[in-house]
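The values are calculated or read from the model by the stated rules, or taken from the named source; none is laboratory data. All of these numbers come straight from a predicted model, not from anything done at the bench. Note that we place each Cβ from the backbone using ideal geometry, even for glycine, and neighbour counts take in every protein chain shown. The protein model used for the area step is the full one, side chains on, heavy atoms only, and it has no ligands, DNA or RNA in it. Shrake-Rupley method; radii C 1.70, N 1.55, O 1.52, S 1.80 Å.
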Amino acid sequence: MTAAFVAGADVPLKRRLKRSERARQLRALGLVMPLLAFLLFTFVIPLAGMIWKSVDDWEVPQVLPHTVAALEHWNGQGLPDEAAYAALAADMRAARDAGTLPVAAKRLNYVVNGFRTTLLSTARKLKEQPAPGTAKETLIGLTPAWGERESWTAIKSASGPVTSYYLLAAVDLTRNADGAIVSAPEDQAIYRDVFIRTFTIGIGVTVLCLVLGFPVAYLLANLPTGRSNLLMIFVLLPFWTSLLVRTCAWIVILQSEGIVNGSLQWLGVIDEPLRLIYNRFGVYMAMTHVLLPFMILPLYSVMRSISPAYMRAAASLGAPPTTAFWRIYLPQTIPGIGAGCLLVFILAIGYYITPALVGGAADQMISAFIAFYTTETVNWGLASALGAVLLLSTLVLATVYGKLALGRQTTGGLKN
Amino acid sequence: MDGGMIATTETLVRFTGVQKSYDGEHLVVKSLDLDIRKGEFLTLLGPSGSGKTTTLMMLAGFEVPTQGEIFLADRPIKNMPPHKRDIGMVFQNYALFPHLTIEENVAFPLSVRGVSKAEIKERVAAALDMIKLGNLANRRPGQLSGGQQQRVALARALVFNPALVLMDEPLGALDKRLREHMQLEIKRLHETMGLTVVYVTHDQGEALTMSDRIAVFNDGIVQQIDRPDALYERPVNSFVANFIGESNVLSGVVENIEQGWVRVALDTGGTVTALAVNIGGPGSRTSLSVRPERVAIETGDSGDTTMNRLPATLTDLIYLGDHTLAVLHTPGNPEFMVKLPAGAYAGLVPGQDVYIAFRPDDCRALDPV
Ligand SMILES: Nc1ncnc2c1ncn2[C@@H]1O[C@H](COP(=O)(O)OP(=O)(O)OP(=O)(O)O)[C@@H](O)[C@H]1O
Ligand SMILES: [Mg+2]
């Protein structure tokens, strides 16, 4: 027995194990550090920024600071006191001079339709600060809306620092004047449908990719290397052209004067051109085509690692080919199926360009709305909230997948 | 060694004129005529690439013979798919299903045969008991050691009582101790269950200790098929003589043949009398094969004319504990080996001029190498 062993014997084994593991963990950490730093700046921080934007409520506190302070103790019943009116009048005039009023007006307009006009016209008409004690009647005199409780609850609800407004709106909910969560009015309640549509298309594309990709991956995995490499080039070919080009190619092929319709009409199969594009069919077609390699590649890599000895063993043990496939081969491809489906689904629900080009108005997915809010109306709050909901559902899926994959984790029985 | 009390003369498998080519250019199995008897332990032994696995695969149904026919219990099986052959197989890499537990692995052949749940449970338990792994039933193959995986593979191939069990180098990946243990285990199973086993190995020690009969493969042809002792004592050609055990080779030309004996003039002078086993007529070339333990070293002329005697120079003495290996320079073979029993080397020193002497019936005249 060595001296070192005896000396260490009083330290519990668990601790010694931990100590010896620590050096290894530190080295591993060192190796991934550059990537972690990169991800921090390009992924984590922007993501955190986006999530913050979905709850950030800065406009009203910044533009109407005195009003927000004055409303702090207002219980939301009846109209606020004279001091609040005076503060609002002072804030409006200051903001008008500073040119920041439209920012607050836009934010408040989300809560009460028409608030923009209320605020801007009052500010325009308010030539000077009302005399002490007359602010309330002056403002109501200029714009009767100031005599309504909803106007003041709107300001109070938007007085920050954080708001649930955008997140609620992203799932078709809103708060009424009493602050209770209720369904959004019908004409604004569109996002649940969009999310459902997004997930439906995502699932549809995933299933199509799996059904089409599985046999191809199987073929590739079981061909001699030379030929499978050649075929693999064909699988990867779509990656060599840009997404836009490929999508436009589908338009050329599927449109009513396109190749498919032309051929079918020439053959006499149809009289009228079929509507193959600018609808759901076109979306499924083009997205499946684009995403297929993401299904084939993980499936292929898993299938390649499944030794043909397993199928032989199954046959020698008396299993007919179909039984051997279902009970021996398929279960071993599940990690590949899981990874492929997860990859395709997550990519699919984020799709934007393809549905925009080959889908109809009723085929637009959530990304189109996010793009709309970021580029058209500059409603960062709602865009971020929609993004956050999408992210959350993706995370839930990834977690479920992780749990399932971990649950059935196996180490190979083949020892080479 | 002799499992003859189990092996019958009834033939279970018959290869007739089987040939196999993978590429359509050369034959991997050239001409295979082989009878496997019911209950015997037959080993296919041969150098790498000699067609052993191919033969096994044809029998299991994973390769189709290019020509010829294979009969299993007198039924031609060329067109019978593997899963209908009822042949248990232990693969070199075990091929245990990684996603199933040990229990499920062993239950697999029973469940695909539609055996009832209760019976499966019973038989799997018995099989796991047999390999003494009942306590690991719920582990996955990846959590077992090589030897344990090997035993599971064995149990899985035996649990459905197949008519025939094929094993392709099943012990190749194990260390020496475990290998010897498993050899005994397999042998025991063979004897207690009355199995017919076709076993492939590279290892001639393994082949000699385990087999009832050994088929020596080379170059796609069975060179000799015989009991282990016969194979060692009476090889029918130079390949077998050199492949199984140690053998000294002396080259020469046939002088005359008489009643099974042949006089051979060695290339480097001297004549030797040998058993005529596998030679052409007078004037043809031959290689004589003499086992090292069948040779004596004489320091003087004993005058015994029934022995072949050749002059030699002792070049080396290698002490190996239970015996001593003497290396001699003789006409026709500069590295002639003689195995001396322990203690018999007393008085010999390297550089000494001596005679080697061996009986004519320990010297076999075979095809020239
Ligand atoms: N699937 C195959 N396709 C083409 N050639 C093959 C194939 N399998 C085996 N061969 C060739 O057939 C010959 C015999 O192979 P086989 O596997 O039967 O040898 P073996 O006796 O089992 O050798 P080893 O002891 O190394 O396992 C070899 O030359 C090998 O290269
Ligand atoms: Mg082999």
Among the residues of the range B:25-32, is there at least one that is away from chain A (no Cβ under 14 Å), open to solvent by 60 Å² or more (accessible area, probe 1.4 Å), on the phi < 0 side of the Ramachandran plot and within 16 Å of ligand 2 (Cβ to nearest atom)? no
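For (1) open to solvent by 50 Å² or more (accessible area, probe 1.4 Å); (2) within 14 Å of chain B (Cβ to nearest Cβ); (3) of a type in the set (S, T, N, Q), each residue gets a yes or a no:
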position: A:Glu257; (1), (2), (3): yes, no, no
position: A:Gln265; (1), (2), (3): yes, no, yes
position: A:Glu272; (1), (2), (3): yes, no, no
position: A:Ile277; (1), (2), (3): no, no, no
position: A:His289; (1), (2), (3): yes, no, no
position: A:Leu299; (1), (2), (3): no, no, no
position: A:Tyr310; (1), (2), (3): no, yes, no
position: A:Ala314; (1), (2), (3): no, yes, no
Checked against (1) within 14 Å of chain B (Cβ to nearest Cβ); (2) in a helix (DSSP H, G or I), A:Gly318 satisfies every condition except (2)
Are any residues in the range B:71-92 in contact with a helix residue (DSSP H, G or I) (Cβ under 6 Å, 6 or more places away or on another chain) and closer than 12 Å to B:Ala153 by Cα, and if so, which ones? B:Gly88, B:Met89, B:Val90, B:Phe91
Pick out the one residue from B:Leu100, B:Leu96, B:Leu44 that is within 16 Å of ligand 2 (Cβ to nearest atom), touching a helix residue (DSSP H, G or I) at 6+ places or on another chain (Cβ under 9 Å) and either in a loop (DSSP other than H, G, I, E, B) or open to solvent by less than 20 Å² (accessible area, probe 1.4 Å) (or both). B:Leu44
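Yes/no per residue for (1) open to solvent by less than 30 Å² (accessible area, probe 1.4 Å); (2) of a type outside the set (A, V, I, L, M); (3) in the same structural domain as A:Tyr351 (by TED's automatic domain parsing):
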position	(1), (2), (3)
A:Ile201	yes, no, yes
A:Tyr218	no, yes, yes
A:Leu230	no, no, yes
A:Val235	yes, no, yes
A:Phe239	no, yes, yes
A:Trp250	no, yes, yes
A:Ile253	no, no, yes
Quick check on the range A:321-355: of everything there that is open to solvent by less than 10 Å² (accessible area, probe 1.4 Å) and either small (Gly, Ala, Ser) or more than 14 Å from chain B (Cβ to nearest Cβ) (or both), which residue is farthest from A:Leu397 (Cα to Cα)? A:Ala324
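Condition check ((1) within 11 Å of chain A (Cβ to nearest Cβ); (2) modelled with pLDDT of 95 or more; (3) touching a helix residue (DSSP H, G or I) at 6+ places or on another chain (Cβ under 9 Å); (4) within 16 Å of ligand 2 (Cβ to nearest atom)) across all residues:
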{"site": "B:Leu110", "(1), (2), (3), (4)": "yes, yes, yes, no"}
{"site": "B:Gly114", "(1), (2), (3), (4)": "yes, no, no, no"}
{"site": "B:Ala127", "(1), (2), (3), (4)": "no, no, yes, no"}
{"site": "B:Leu133", "(1), (2), (3), (4)": "no, no, yes, no"}
{"site": "B:Leu136", "(1), (2), (3), (4)": "no, no, yes, no"}
{"site": "B:Leu144", "(1), (2), (3), (4)": "yes, no, yes, no"}
{"site": "B:Val152", "(1), (2), (3), (4)": "yes, no, yes, no"}
{"site": "B:Phe160", "(1), (2), (3), (4)": "yes, no, yes, no"}
{"site": "B:Ala163", "(1), (2), (3), (4)": "no, no, no, no"}
Out of the helices (runs of 4 or more DSSP H) lying entirely within the range A:187-286, which hold 1 or more residues that are under 28 Å from the mean Cα position of the chain (by Cα) and not aromatic (Phe, Trp, Tyr)? A:191-222, A:225-236, A:243-254
Take the residues in the range B:47-82 that are on the phi > 0 side of the Ramachandran plot and within 16 Å of ligand 2 (Cβ to nearest atom); name whichever of them is least open to solvent (accessible area, probe 1.4 Å). B:Gly51
Which residues, taken from the range B:55-83, are in contact with a strand residue (DSSP E or B) (Cβ under 8 Å, 6 or more places away or on another chain), in a helix (DSSP H, G or I) and either more than 9 Å from ligand 1 (Cβ to nearest atom) or within 14 Å of chain A (Cβ to nearest Cβ) (or both)? B:Leu56, B:Met58, B:Leu59, B:Ala60
